[in-house]
Amino acid sequence: MTWETQIGNEISEAKQWLDKNELVGIPTETVYGLAGNGLNTQVLAKIFEAKNRPYFDPLILHIGNIEQIDALVTDFPQKAKMLTRVFWPGPLTILLPKSELVPEMVTSGSPYVALRIPKHPLTLELLQHLDYPLAAPSANPFTYVSPTRAQHVLDNLGGKLPYILNGGDCTVGIESTIVSFAEPIPKVLRLGGIGIEEIQTVLPEAELAIQHMPTEQRLQSAPGQLMVHYAPKCRLIPIESDNSLSLGLNDALLRFSKQCKTNERQTFYLSEYGNLAEAAQRLFSLLRMFDERQFETVYFEWVPNTGIGMAINDRLKRASSKH
Ligand code: TXA
Ligand code: MG
């Protein structure tokens, strides 16, 4: 089935398509999602197919309010409650033991399900009008850069879904932070919109899962932590900030702050004044722009490795590990 994909801002239209078991692009504060009824295996199959995503990579279930969680999990530990009280709605995903209601296809056979209440007002309202959770991976083809505006979704998945709910540019710009409660010590499985330091203000014992240790270089086997991920077509090469390099015609340079002046002409900046939140917000659209303008090689510098900067560096590392 090929759709003539529409972009609009009607929550009721998004709901109609979802109730008819079709897929809808939805805005969240992190990135746009490719959403469908998370309890319906036929719909779930459509999501995997549209993204060309392997079935071993599980999906996050999005809900509109905390009461919905009880039907989806068998346990909601106190520590998890504390974290959600501070960060929901927001860029936090938690992993809890799944109930029978959650199809195996959502969790790729794992006994744990990933859950999140997103903060975007349109999607939050949509979720509150649905009587099922939305499974929603980022709305990009598998391993490509996540979308941060409706047009990105149309560019990548146009024809594969009837409707994209347009909520403007994502304000966070980088995916949610995933915290697992599968073990007594909470583990951060994916760095994201909430820094590990912020998680630790609520749960001081929370720690980074091994794959995010800075020394870790090997290919990841854990679901969704594939090393090559979020990758644009252009080649990304890290440089030391103070390197002097001369760019070829098809090369660009991506710097952190505009305050670090560079003489090279094809230079782009993640942030005007070295603000990490702004850098995160702009990262994915800049990576997409490099592909649109057909740059072959983009040199980049790492950003300060703190707060959301750790998530930015994580994405840059994955995006550059293709080459
Ligand atoms: O910010 C976000 O989280 C966005 C928006 C749309 O909510 N969603 C998103 O979904 O990034 P996705 O599918 O692109 O990434 C979800 C990650 C994957 O790496 C997946 O492997 C992991 O979450 N994940 C989901 N369920 C899991 C589970 N049961 N166990 C372990 N990892 C899981
Ligand atoms: Mg993704």
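Determine if region 65-79 includes at least one residue that is within 15 Å of ligand 1 (Cβ to nearest atom) and small (Gly, Ala, Ser).
No, region 65-79 contains no residue that is within 15 Å of ligand 1 (Cβ to nearest atom) and small (Gly, Ala, Ser).
Return the residues of region 295-323 that are over 17 Å from Thr267 (Cβ atoms) and outside any helix (DSSP H, G or I); say none if nothing qualifies.
Pro304, Asn305, Thr306, Gly307, Ser321, Lys322, His323
Residues in region 44-94 that are charged (D, E, K, R), within 15 Å of Leu23 (Cβ to Cβ) and either in contact with an Asp or Glu (Cβ under 6 Å, 6 or more places away or on another chain) or away from ligand 2 (no atom under 16 Å from the Cβ) (or both): how many?
Of the residues in that region, 1 qualify.
Considering every residue within region 180-198, establish whether at least one is near ligand 1 (Cβ under 10 Å from one of its atoms), within 18 Å of Ile94 (Cα to Cα) and either surrounded by fewer than 17 Cβ atoms within 10 Å (Cβ to Cβ) or of a type in the set (Val, Ile, Thr) (or both).
Yes; the residues of region 180-198 include at least one that is near ligand 1 (Cβ under 10 Å from one of its atoms), within 18 Å of Ile94 (Cα to Cα) and either surrounded by fewer than 17 Cβ atoms within 10 Å (Cβ to Cβ) or of a type in the set (Val, Ile, Thr) (or both).
Looking at (1) surrounded by 19 or more Cβ atoms within 10 Å (Cβ to Cβ); (2) more than 15 Å from Lys98 (Cα to Cα), which is the one condition that is false for Ile60?
Failing condition for Ile60: (2).
Residues Gly25, Gly38: which one is closer than 12 Å to Leu130 by Cα and not hydrophobic (A, V, I, L, M, F, W, C)?
Just a single option satisfies the conditions, and that option is Gly38.
Just the residues that are touching a residue at least 60 places away in the same chain (Cβ under 8 Å), in a loop (DSSP other than H, G, I, E, B) and more than 16 Å from ligand 2 (Cβ to nearest atom), please, taken from region 5-37.
Residues satisfying the conditions are Thr5, Asn9, Glu10, Glu22.
For region 131-161, how many residues are part of a loop (DSSP other than H, G, I, E, B), of a type in the set (A, V, I, L, M), more than 9 Å from ligand 1 (Cβ to nearest atom) and in contact with a Gly (Cβ under 7 Å, 6 or more places away or on another chain)?
The qualifying residues number 1.
For region 156-174, does any single residue satisfy the condition of being buried (at least 24 other Cβ atoms within 10 Å of the Cβ), in contact with a Pro (Cβ under 8 Å, 6 or more places away or on another chain) and farther than 23 Å from Ala279 by Cα?
yes
Among the residues of region 125-138, write down those that are under 20 Å from Ile47 (Cα atoms) and more than 16 Å from ligand 2 (Cβ to nearest atom).
Leu126, Leu127, Leu130, Asp131, Tyr132, Pro133
Return yes when Leu126 is over 16 Å from the mean Cα position of the chain (by Cα), away from ligand 1 (no atom under 12 Å from the Cβ) and either within 27 Å of Ser321 (Cα to Cα) or of a type outside the set (Gly, Ala, Ser) (or both) and no when it is not.
yes
Could you list, in sequence order, the residues of region 108-141 that are surrounded by 20 or more Cβ atoms within 10 Å (Cβ to Cβ) and closer than 20 Å to Pro54 by Cβ?
Correct list: Val113, Ala114, Ala135, Ala136, Pro137, Ser138, Ala139, Asn140.
So which residues in region 88-129 are in contact (Cβ under 8 Å) with a residue 40 or more places away in the chain, of a type in the set (Phe, Trp, Tyr) and in contact with a helix residue (DSSP H, G or I) (Cβ under 8 Å, 6 or more places away or on another chain)?
The answer is none; no residue qualifies.
We did not get these values from a lab; they are worked out from the coordinates using the rules stated. Computed from a prediction, not measured in an experiment: that's the story for all the values here. When we count neighbours, we look across all protein chains shown, and the Cβ atoms used for this are built from the backbone with ideal geometry, even at glycine.
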